[in-house]
1. Specify which of the listed residues (B:GLY312, B:GLY376) is at positive phi and out of contact with any Phe, Trp or Tyr (no Cβ under 7 Å at 6 or more places or on another chain).
2. Out of everything in region B:243-275 that is touching a Ser or Thr at 6+ places or on another chain (Cβ under 6 Å) and not in a strand (DSSP E or B), what residue ends up being least open to solvent (accessible area, probe 1.4 Å)?
3. Of all the strands (runs of 3 or more DSSP E) wholly in region A:115-234, which have at least 3 residues that are of a type outside the set (Ser, Thr, Tyr) and within 14 Å of another protein chain (Cβ to nearest Cβ)?
4. Looking at this structure, is B:THR276 touching a Pro at 6+ places or on another chain (Cβ under 9 Å), in contact (Cβ under 8 Å) with a residue 12 or more places away in the chain and within 14 Å of another protein chain (Cβ to nearest Cβ)?
5. Please go through region A:303-357 and pick out each residue that is over 21 Å from A:LEU153 (Cβ atoms) and among the small types (Gly, Ala, Ser).
6. I need a count of the residues in region B:285-342 that are farther than 29 Å from B:CYS430 by Cβ and β-branched (Val, Ile, Thr).
7. Scan region A:294-320 residue by residue and report those that are under 11 Å from B:ALA449 (Cβ atoms) and more than 7 Å from every other protein chain (Cβ to nearest Cβ).
8. Considering only residues that are under 19 Å from the mean Cα position of the chain (by Cα), touching a residue at least 12 places away in the same chain (Cβ under 8 Å) and not in a strand (DSSP E or B), which ones fall in region B:149-173?
Amino acid sequence: MGESLTCDVVVVGAGMTGAACALYAARAGLDVTVVDRGPVAGGTTGAGEGNLLVSDKTPGPELDLALLSLRLWGELAQELGKEIEYDPKGGLVVAGTPRALTSLERLAAGQRAAGVRAEPVPADRLADLEPHLAPDLAGGVHYPQDAQVMPALAAAHLLRASGARLLTGHEVTRVLRTRDGTVYGVRTDRGELHAPAVVNAAGTWGGELAARAGVSLPVLPRRGFVLVTEPLPPRIRRKVYAADYVADVAGDSAALQTSPVVEGTAAGPVLIGASRERVGFDRTLSLPAVRALAAGAIRLFPFLTTVRAIRTYAGFRPYLPDHLPAIGPDPRAPGLLHACGHEGAGIGLAPGTGHLIARALTGHATEPAFAAFRPDRFPDAPHQEDRR
Amino acid sequence: MRTDLAVIGAGPAGLAGALAAHARGVRVTLVDAAPAPGGQFHRQPASGLRAARPQALHHQWRTWTRLHAALAASTVRLLTDHHVWCVERVSDGRADGFVVHALLGPEQERSVELHATALLLATGGYETVLPFPGWTLPGVVTAGGAQAMLKAGLVVPGRTAVVAGTGPLLLPVATALAAAGVSVAAVVESTGPRRLARYGGALAGKLPEAAGYAVRLLRHRVPCLARHTVLRAHGDDRVTGVTVAALDAQGRVRPRTERFLPCHTLAVSHGMLPHTDLATTLGCRLDGTAVAVDDQQRTDVPGVWAAGEATGTGGASLALAEGHLAGRSVAARLHGTPYTPAPAAVAARARLRRAADALHRACTPPAHWTDQVTDGTVVCRCEEVTAGEVREALGLGAGDLRSVKLLTRAGMGWCQGRICGPAVAGLTGCRLTPPRRPFAQPVPLGVLAAQHRHEPRAEPTPPPAEEGPS
């Protein structure tokens, strides 16, 4: 590809979000090229567990996007369910104490009002859902809408289904803009791609890509470790995690501090994820982080004590200061759209994001859904306070 | 437990390093997973077997008895049956150091910690085996595996054997099998004599050794088929024979040269790869697939040395020289004295490394080995991933070993890609890069959790890990 190539839209990033953007844009009739400096799923997509969750979200724009996305995931599963290992397994959030259970139930009530199915489970019924759970829990809430995909396969198969041109191993060095600031394509290390629209789906590296377009977007990495056990016969049916400290849901922080998610996989290993640390792009093993994961998992499932971890790996969630993604057109650079900064929810929120981006590309960017995710909502100065 | 120098691996490199440092006044602890020191090269028969003449199966027996006697006479603390699963870099405010985490005994349910100021990684290497149709049949073993069986258990695997592949392991293994009474139907080596001759200068030192094996194989009437390869192994429940064929100068199978050799055992080897898991977790730089070291065997991480096969496979004599120099360097560093290299060891290291490099270049698998790998051939045995699935991953957008793994599961299983890595790299054209394996061994979650409970709560660094569902 020495010379330039012309299409309707260039999507930068061949991860889950880029794949979803490519699919919905192509289905809206656009000619799409996806470009990535690495392979498909080479970034955070390849390091995640594939959570499609509503259970961990408080009512608001992110939960609305999650509900839309889950519906779209259900449609995608009709076509690609087997290839992407779609499993509507449901989630179970458990509380260790009566006080935590009260907070959890209050959160669930709010979620129900927003359209989430959240079914209270008394302590003596927990074993019906998960027979190997620790016996001393106060109760829980069952979220049947929570689901799972294998994220790398999902990205690869959505890209294939999109029919988009895929250029892996091409690094975008610059987003091309005319003298009046309008975006007209990208320059890569192997030539130029011309298009009236460029979508930034570069995930954790979305801030870097934004800078190559001359705008700022304060995406920063938040490291997570995942522990993988030896293959086991199926014993954990759902995504299970503990809500030990549910903050006052009516309060502003509304932070759900939780233990690790523990879940079985079709292939046999149990996945335990994930820690959260702000340490930049440092892949060095953190034994304290994986010890905390192991301890949290055993509190929920005591049988895991003798089970061996065969692997652990780190990924970098792309987070923005207000923990909401940037989705939609960037008024500072006409033709540039952002679809990044989903923190730990990128797989789950991908179809909704792709759908919104396709709407914007076809001239429907005025929908209210875009308001909360405006990419220019942060001050222009580089965001430094969370760097360590 | 506390020590000045922790040596991981009690093979030739680890033993030489431990003894050299100990002789210079360093407190040394030598850690190994096996029940006795010696490593793979000097693997010992289990004492319960009462082998009358264990030296019959061993090379350089005199070197081994000398090392063993020196170890016994020393105060080097020897920790056998210790399976190191991770080495952690720690800073206690006064000085940087390391914590070696090891699981104990055959059950591996309890973990102990060894605190050390310096670390010598002598973790050795492991065998590479490339797939071919039938390679997963019972009776197909690695050449090193066959050798280990002979050395440790004295059990002979099958009555008739074929030894195949490429590299310096084939001749000694065939010789040992023949000496143990196995009928060796053939040694099938894909490299031709002309290719070896091209590196004749550097290999001159290896010639007497190779000639010795050749003579012994002649005595046992073992035919050597140079520039030949195994096309497939046959059998239903276990291997009953192999089809071999000649290769042309380009490494392609020459038409109409196939022939069938009946056998009960097929011992295969396509070379060795260094064990680098502990080194990469510590952040040591690699050079290709081996740990990068300087002329004192220092890695680029202060306080960490490496020697032997971990720094590039080259055999036991090279490992001894490297280990010795590493031990001297550690002692100099810990005592704050100048490093004084041993000229003989420096010269031996240079000569043996040249020979090893030449052998590596000469003994590469045939250029077109993947042509023989049918789509139905299982490549990743742990996850039962076929060559066809691995090839298809390229069409889905895979571009490196990690993305192939994510899209196929090849390398996700119990062995973590140690066996299938080279095969997947060959089939996809991706570069063979050792993946990060923070756990060098599987570790029980209970061991990790117990350490979590013991962790001091008011630790200022690192920042507390927050946990969450995604």
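1. Values: B:GLY376 fails: at positive phi.
The unique qualifying residue is B:GLY312.
2. Ranking the candidates gives B:CYS263 first.
3. On the way: elements: A:119-122, A:139-143, A:165-168, A:172-177, A:183-188, A:191-194, A:197-200, A:220-231.
Fully inside region A:115-234 and qualifying: A:165-168, A:220-231.
4. Numbers: touching a Pro at 6+ places or on another chain (Cβ under 9 Å): yes; in contact (Cβ under 8 Å) with a residue 12 or more places away in the chain: yes; within 14 Å of another protein chain (Cβ to nearest Cβ): no.
When the stated conditions are applied, B:THR276 does not pass them.
5. Listed by number, the residues that qualify are A:ALA309, A:ALA326, A:GLY328, A:ALA333, A:GLY335, A:GLY341.
6. Qualifying residue count, region B:285-342: 3.
7. Matches in region A:294-320: A:ARG299, A:PRO302.
8. B:LEU150, B:LYS151, B:ALA152, B:THR166, B:GLY167, B:PRO168, B:LEU169, B:LEU170, B:LEU171, B:PRO172, B:VAL173
The values are calculated or read from the model by the stated rules, or taken from the named source; none is laboratory data. None of the values given here were measured: they were computed from a predicted structure. For neighbour counting, all protein chains shown are included, and Cβ atoms are generated from backbone atoms with ideal geometry for every residue, glycine included. To get the accessible areas, we keep the full protein, side chains included, count just its heavy atoms, and leave off ligands, DNA and RNA. Shrake-Rupley method; radii C 1.70, N 1.55, O 1.52, S 1.80 Å.
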